Amino acid sequence: MTPFPPDVWYDEAAGPVVRPYAMTRGRTEPVRGSFDLITLVVGRGSVVPSNVTPEQARILRMCQRPLSVAEIAAYLDLPAGTVRVLLGDLLNANLIETREPVMASTGPSEELLEAVLAGLRSL
């Protein structure tokens with residue numbers, strides 16, 4: 001008899017049955033789109049097609065309202081890289097829409113700063 005009892009796994013305690021690289025068929029980059037962690041994703045319809053993977057079906061059901069890539073990864077308990085690949089496939093199939101983050105401008109124009117300075121000097 002071994003000094004330690006064998007590991008026994010029950011349901012969720014075993015962790016994911018399919019490894020993330022198997023979900024993406026070994027791909028590490030999405031086929032279409034670039035997904036920042038704050039990119040918003042929303043499904044294009046309420047019907048989930050039968051030809052998507054179970055993870056992609058969960059994404060489509062979750063994204064009836066906009067969710068960020070980071071939120072999707074957290075809800076699915078998957079690495080963000082894996083989620084990006086799955087999202088790329090959904091985007092390629094026109095099943096989702098994305099809203100990329102808008103970067104703030106580099107600052108006010110020189111003309112605006114000069115106008116503010118002139119206004120302050122006139123005070």
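The values are calculated or read from the model by the stated rules, or taken from the named source; none is laboratory data. These numbers were taken from a predicted model, which means no experiment stands behind them. Neighbour counts are summed over all protein chains in view; Cβ atoms, including those assigned to glycine, are modelled from backbone coordinates with ideal geometry.
In this entry, VAL85 is excluded by the filter for residues that are of a type in the set (A, V, I, L, M, F, W, C), surrounded by 12 or more Cβ atoms within 10 Å (Cβ to Cβ), closer than 28 Å to GLY26 by Cα and in contact with a Leu (Cβ under 6 Å, 6 or more places away or on another chain). Counting the residues of the stretch 33-58 that are under 15 Å from THR98 (Cα atoms), surrounded by 12 or more Cβ atoms within 10 Å (Cβ to Cβ) and either of a type in the set (A, V, I, L, M, F, W, C) or at pLDDT below 85 (or both) gives 7.
Selection of the stretch 22-63 for residues being touching a residue at least 12 places away in the same chain (Cβ under 8 Å) and in a helix (DSSP H, G or I) yields MET23, GLU55, GLN56, ARG58, ILE59, LEU60, ARG61, MET62.
Listed here are the residues, each with its yes/no results for (1) more than 16 Å from the chain's Cα centre (by Cα); (2) among the hydrophobic types (A, V, I, L, M, F, W, C).
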site: ARG32; (1), (2): no, no
site: SER68; (1), (2): no, no
site: GLU71; (1), (2): no, no
site: ARG84; (1), (2): no, no
site: LEU87; (1), (2): no, yes
site: SER109; (1), (2): yes, no
site: ARG121; (1), (2): yes, no
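Beta carbons closer than 7 Å, at least 6 apart along the sequence or on distinct chains, pair a first residue in the stretch 95-123 that is β-branched (Val, Ile, Thr) with a second that is not in a loop (DSSP other than H, G, I, E, B) for ILE96/VAL41; ILE96/VAL42; ILE96/GLY43; ILE96/LEU87; ILE96/LEU90; THR98/LEU40; THR98/VAL41; THR98/LEU91. Is it the case that TYR10 is loosely packed, with under 14 Cβ neighbours inside 10 Å and modelled with pLDDT under 75? The answer is yes for TYR10.
Would you mention how many residues in the stretch 103-121 are surrounded by 10 or more Cβ atoms within 10 Å (Cβ to Cβ) and at pLDDT below 85? Of the residues in that region, 2 qualify.
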